[in-house]
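Reviewing the structure listed below.
The values are calculated or read from the model by the stated rules, or taken from the named source; none is laboratory data. Note that this is a predicted model, so its numbers are computed, not measured. Here the Cβ is made from the backbone with ideal geometry for all residues, glycine too, and neighbour counts use every protein chain on show.
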């Protein structure tokens, strides 16, 4: 186990690069109506949509905190209400890295954590930086990553 990885992932928030698509949306809705006045979106509506994107980015980034340690993996959320989800390393049966082309280029992924006896993910972590290192850390701490065979995820 790499001690630097354990220190990095001890407590972290979603990475800024995970929001690249939303930042692009802010740019499009802010500049688009200004550059092309004949568009179907007024400058005021563009500003409103861009502001909503920015609010989403800030809320998602600062309202979520992920913690990793030998005892397990914890997701703390403070919006819209405070709640905490925790799984122990022994419960983790699959670590699924979900990422598109832009996320691969930016080095982030959404990580779905599956536990024994549940088909739906027990935890969904948004914008995890260096996802392969994160998976390796979880495996070193005692989690399992069962192989999924076939074209369909269970």
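Values computed for the structure shown
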item	result
Test: residue 94 is touching a strand residue (DSSP E or B) at 6+ places or on another chain (Cβ under 9 Å) and closer than 26 Å to residue 3 by Cα	yes
Matching entry among 29, 19 (being in contact (Cβ under 8 Å) with a residue 40 or more places away in the chain, surrounded by 13 or more Cβ atoms within 10 Å (Cβ to Cβ) and more than 30 Å from residue 142 (Cα to Cα))	19
Residue check for residue 107: surrounded by fewer than 19 Cβ atoms within 10 Å (Cβ to Cβ), touching a residue at least 60 places away in the same chain (Cβ under 8 Å) and more than 16 Å from residue 10 (Cβ to Cβ)	yes
Residue ID - farthest from residue 16 (Cα to Cα), chosen from residues in region 114-131 that are over 15 Å from the mean Cα position of the chain (by Cα) and in a loop (DSSP other than H, G, I, E, B)	117
Residue 67 in contact (Cβ under 8 Å) with a residue 12 or more places away in the chain, assigned to a strand (DSSP E or B), in contact with a strand residue (DSSP E or B) (Cβ under 6 Å, 6 or more places away or on another chain) and surrounded by 15 or more Cβ atoms within 10 Å (Cβ to Cβ)	yes
Meets criteria (part of a helix (DSSP H, G or I) and either modelled with pLDDT under 95 or surrounded by 11 or more Cβ atoms within 10 Å (Cβ to Cβ) (or both)) for residue 56	yes
Which numbered condition residue 95 misses (of (1) surrounded by fewer than 14 Cβ atoms within 10 Å (Cβ to Cβ); (2) outside any loop (DSSP other than H, G, I, E, B))	(1)
Any hit, region 133-141, residues being in a strand (DSSP E or B), under 15 Å from the mean Cα position of the chain (by Cα) and closer than 28 Å to residue 20 by Cβ	no
Meets criteria (more than 15 Å from residue 135 (Cα to Cα), surrounded by fewer than 13 Cβ atoms within 10 Å (Cβ to Cβ) and touching a strand residue (DSSP E or B) at 6+ places or on another chain (Cβ under 7 Å)) for residue 75	no
